[in-house]
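J.: Quick one: this structure, given as structure tokens, is what I'll be asking you about.
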Amino acid sequence: MKKKSLFFLILSLALINFLPVYSQTTTSGDVDIGFYQISGHTLSNKYLEYRDYREGVVLNRISYLMGSKIGFLEVNANGIAKNDQSSALRLGKYGRYYLNLSWDQTPHIFSNHSKLFFSETQKGVYAVADSIQARLQTASDSLIRQLMASYLSQAQKFPLSYRRDKAMGEVKISPTRDVDLKFSYSNEKKKGYKATSGTPGFFNMIDMPEPIDFLTHQVDAQAQYAQKNWSIRGDVGVSVFDNKLEALIWENPFRLTDTTGGAARTSKVRMGVAPDNWSGNTTINGFVKIPYLNIQSRASLGYGITRQDENFLPHTSNTAIVDTLDPLVLPKSSLEGEIRTVTGSYFVSARPIKELTLDANFKYYEFDNQTEEIIFPSRVAYGDYQLDTLGRASLPYEYIKRYYGLKASFKPISYVSVGLGYNYERFSRDFRNVRKSGENSFRFSLDLFPLSGWTLRNSYTRSERKAKAYDPDAVEETYPEGEATVNPHLEELRRFDQADRDRDRFVSQASFEISEKIDLMLGANIQLDDYPESHYGVKEAKSTALSVGVDFYPVSRFSFYGDYTREFLFTDMQSRYRNVVGGAGTDDTLDDWGTKVKDLTDVFSLGFMLDILPQELSWQASYTYSYTWGRNENYFTPGGASSGNAAPWPITKNELQSANSFIKYKISEKVSVWGEYRFEKYFIDDFTIENITPQELGTGGTQGTRSIFLAALQPDYEGHLFGLRLAYQF
């Protein structure tokens, strides 16, 4: 048993001795112990990605509750000694105070099959023997293949995973019937490794395990004053994030000495990681209820601030790169970043007559970037590869979002309800292609209740988003001296999150009580997006979700359910391959290319519950099958540039089956025995993550890619878990 679970249990026992004993005090609790065996092919990280199954004897749960008319004490621990365990303790006096302490763990396993070619000399620092660097630096591509095959055969397994540990404490005090005060603190740790990638230049990619050593503190306070028809509440919160790692550093296996020529130029790579930061937020919420016209109103106003002041890393670790005009000196030592947010909302609802309900609401969100613009006179581009003497500016992106809504619902007769709605959303942005845009939405709904137990809900929404003006060269603001390439952008390209868009959405849900023993559910959700002014970029998008479900109760001791859902997503995009000739980007419609992205998902589930011997022997079982299929159909205009050989990507597939069966036999009022079986089978066919070898070499001589991967595979699995549990209640 882990120390923290023991701590909660010991603390609870100590508190029991100090709590006053009342004549009407009651106690209860339970202990759940199991014995488990696992079979199958379960080495894949996907099997235990967010959980922990153990073989042998496992203490599943311990709980204890002591209560009376005036107070209570409750403690429980689940999954004791496992990596996904949790514990909690609660005690309090009804209407006066309560204390809540909790702690839980969550694992996240990325891969059990990854291999590391480097040696980790200290946290976040990876080295290669100088002799290997020297040999590879002067070797030809063919010799590098031979050498790397030998070196990589000695790579050691390096599992990628981290664990999240979160402890939380919360106290609530009610000094009077009208006043509630609440204070809470949480401490969250994440520790382990995850995969990340960097480049020592252009096409070369090197995977590295990034150490995860995060600590987040969160402190919150809340005060509320409530009366019968109105209330007001204030919240204050502060969050502090601390990353113990300052940078990720690794040596380039293909280079021992720094240089400014060739495919591999730097001997060492240094990359930034998530920076330390803190944020604070405060919110005021209010509610009022006015009997006249049955009016209810809610309002909130919030303000937040986030700051980040982590020191910048130097421009490069390549000592051969020197700028004789503008020395590679950072203009500032840190970002001195500051974001301020302002939020507001107002909602009012009135019911002047029984058949009519009127709603109005307003929302406001402002992302105010107070960070100063920083101009870097020179920089090192393409991953420690080459010097760029054209200045670059960091832009303080910011925006304001406003939302207005009106809604009316009218129910003229008992089996018909009609709704009309209008929404308007407005965006104001800085340093984006569209400075201002607005979207109008009109909604109509019709709900029918023709028979007892029958409900049909239908709605249609039409939305039109219009951009005031689209500036395709807005990105040039980050190039104060201009770009090296003339005509660098495709002027007709439109970004889908800002471009004009027409959207039609249909939603229909129906439930039918066919008889006392059969319930039927149907659903449909269809969304059609069209981008009328986007000749390049996303031109069209569709999504469809259809579902059907049934519940069947033939006898009082048996129930059955089944569900099926199909989702389909489609996106049509078009762009252009733009060659650079004489320092200028070229445009030729023969170089146009496009892709049609299609995704299909099917989910089917069924299950039953059966009381074999009422109150003594029961059995429940379930089965779920999900299948996802995806494809990118890429195409290129015939006769275009030879560099643009767009072709369809291989179809990606994944399939997951799961089945659970539980049989419970109640030996007595206090003792129960459970038999359980859990089955899972996972299959994946995805060219983007399968069959990744640790090394990939190109065929373009010194410009060929020289990449090293962690080979963090996520293979198929099939797992069978058999368990026998004994539960005792007292």
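Values in this text are rule-based calculations from the coordinates and carry no lab data. Remember, it's a predicted structure, so these values are computed and weren't measured experimentally. Here Cβ is always computed from backbone atoms with ideal geometry, including for glycine, and neighbour counts include all displayed protein chains.
J.: When every alpha-carbon pair in the range 48-98 is counted, what percent end up more than 17 Å apart? Can you show the working numbers first?
T.: Values: 634 of 1275 pairs.
Everything past 17 Å amounts to 50 percent.
J.: Additional query: Regarding the range 530-610, what is the average projected area of its C-alpha convex hull, in nm²?
T.: Numbers: hull surface 32.8 nm².
Average projection, Cα convex hull of the range 530-610: 8.2 nm².
J.: Also, quick follow-up: If we restrict to alpha carbons, what Rg and Dmax does the range 289-436 come to, in Å?
T.: Both quantities, over Cα of the range 289-436: 26.0, 83 Å.
J.: Using the eigenvalues of the Cα gyration tensor, what equivalent ellipsoid semi-axes result for the range 93-234 when each is taken as the square root of five times the eigenvalue, whole Å, largest first?
T.: Working: eigenvalues 632, 43, 24 Å².
Semi-axes, largest first: 56, 15, 11 Å.
J.: Here is a follow-up. May I ask you to sort Met573, Met521 by Cβ crowding, counting other Cβ atoms within 10 Å and putting the fewest first? Kindly include the intermediate steps, with their values, before the conclusion.
T.: On the way: Met573 20, Met521 16.
Lowest to highest Cβ neighbour count: Met521, Met573.
J.: Hey, another quick one. Would you kindly derive the ³J(HN,Hα) couplings of the range 597-614 from the backbone phi angles with the Karplus curve 6.51 cos²θ - 1.76 cosθ + 1.60 (θ = phi - 60°), listing them in order in whole Hz, with x for Gly and Pro?
T.: For the range 597-614, the Karplus-derived couplings read 9, 10, 9, 10, 10, 10, 10, 10, 9, 8, x, 8, 10, 9, 8, 5, 10, x Hz, x marking Gly and Pro.
J.: Follow-up question, since we're still on this one. For the range 452-542, treating each Cα as an identical point scatterer without solvent, what Debye log10 I(q)/I(0) comes out at q = 0.10, 0.12, 0.23 1/Å?
T.: Cα-only, vacuum Debye calculation for the range 452-542: -0.49, -0.59, -1.09.
J.: Then there's this: Return a whole-number percent for the relative contact order of the range 115-178, with Cα pairs under 8 Å and 6 or more residues apart as the contact set. The partial results should precede the final answer.
T.: Details: 26 pairs, mean separation 26.2, N = 64.
41 percent.
J.: Here's something else I'd like to know. Provide the convex hull volume over Cα atoms per residue for the range 496-567, in Å³.
T.: Numbers: hull volume 6.0 nm³, N = 72.
Convex hull of Cα atoms, per residue: 83 Å³.
J.: Also, I was wondering about something else. Taking the alpha-carbon set of the range 171-210, what are its Rg and Dmax in Å?
T.: Spelled out, the Cα radius of gyration and Dmax of the range 171-210 are 23.9, 67 Å.
J.: Rg over Rh of the range 251-311, using C-alpha atoms and the Kirkwood radius, what does it come to? Walk me through the intermediate numbers first.
T.: Working: Rg = 27.7 Å, Rh = 17.6 Å.
In the range 251-311, Rg relative to Rh is 1.57.
J.: Looking at the calculated P(r) for the range 21-140, what percent of the C-alpha pair distances fall above 18 Å? Could you put the intermediate results ahead of the total?
T.: Working: 5110 of 7140 pairs.
The answer is 72 percent, as a whole percent.
J.: Then there's this: In debye, nearest 20: dipole of the chain around its Cα centre with unit charges on the Cβ of K, R (+) and D, E (-)?
T.: Numbers: 82 positive and 88 negative charges, 566 e Å.
The calculation lands at about 2720 debye.
J.: Can you tell me the alpha carbon radius of gyration of the range 406-565 divided by the globular rule-of-thumb value 2.2 N^0.38 Å?
T.: Against the compact-globule rule of thumb, the ratio is 1.56.
J.: Within the range 605-674, report the trypsin sites (Lys or Arg not before Pro) that DSSP leaves as loop and that have at most 11 other Cβ atoms within 10 Å. Working shown, then result.
T.: Numbers: sites: Arg631, Lys653, Lys664, Lys666, Lys670; in loops: Lys670.
Listed in order of number, the matching sites are Lys670.
J.: Right, here's the next one. Sorted from largest down, give the three principal axis spans of the alpha carbons of the range 411-485, whole angstrom values.
T.: Its Cα atoms span 72, 19, 13 Å along the three principal axes.
J.: So what are the three principal axis dimensions of the range 338-424 from its Cα atoms, in whole Å, longest to shortest?
T.: Principal axes ranked by extent give 75, 23, 15 Å for the Cα atoms.
J.: Scaled to the compact-protein estimate 2.2 N^0.38 Å, what is the alpha-carbon radius of gyration of the chain, rounded to two decimal places? Provide the component values of the computation, followed by the final result.
T.: Working: Rg = 31.2 Å, N = 730, 2.2 N^0.38 = 26.9 Å.
Relative to the rule-of-thumb radius for its length, the chain sits at 1.16.
J.: What three numbers, in Å, describe the spread of the alpha carbons of the range 105-181 along their principal axes, ordered from the longest?
T.: Taking the Cα atoms of the range 105-181, the three principal extents are 81, 22, 18 Å.
J.: A follow-up question, please. Sequence gap at least 6, Cα distance under 8 Å: using those rules, report the relative contact order of the chain to the nearest whole percent. Kindly include the intermediate steps, with their values, before the conclusion.
T.: Working: 1977 pairs, mean separation 69.8, N = 730.
It comes to 10 percent, rounded to a whole number.
J.: With no solvent and one equal point scatterer placed on each C-alpha of the range 295-338, evaluate the Debye formula and give log10 I(q)/I(0) for q = 0.34 Å⁻¹, two decimals.
T.: So the normalised log intensities work out to -1.20.
J.: What pairs in Lys542/Lys596; Lys182/Lys363; Lys93/Lys228; Lys289/Lys407; Lys82/Lys123; Lys407/Lys539 have C-alpha atoms more than 21 Å from each other?
T.: Working: Lys542/Lys596 11 Å; Lys182/Lys363 27 Å; Lys93/Lys228 23 Å; Lys289/Lys407 19 Å; Lys82/Lys123 26 Å; Lys407/Lys539 31 Å.
Beyond 21 Å: Lys182/Lys363; Lys93/Lys228; Lys82/Lys123; Lys407/Lys539.
J.: Looking at the range 275-359 from every direction and averaging, what is the projected area of its Cα convex hull in nm²? The partial results should precede the final answer.
T.: On the way: hull surface 39.5 nm².
Here the figure is 9.9 nm², rounded to one decimal.
J.: Output the direction-averaged projected area (hull surface divided by four) of the convex hull of the alpha-carbon atoms of the range 193-311, in nm². Can you show the working numbers first?
T.: Details: hull surface 49.0 nm².
Orientation-averaged projected area of the Cα hull: 12.3 nm².
J.: Here is a follow-up. Sort 386-394, 353-361 by the packing proxy (mean of other Cβ within 10 Å over each peptide's residues), most packed first.
T.: Sorting 386-394, 353-361 by mean packing, highest first, produces 386-394, 353-361.
J.: Which of Leu448, Asn433, Leu395 sits farthest toward the positive end of the charge dipole of the range 339-481, with +1 on the Cβ of Lys and Arg and -1 on the Cβ of Asp and Glu?
T.: Leu448
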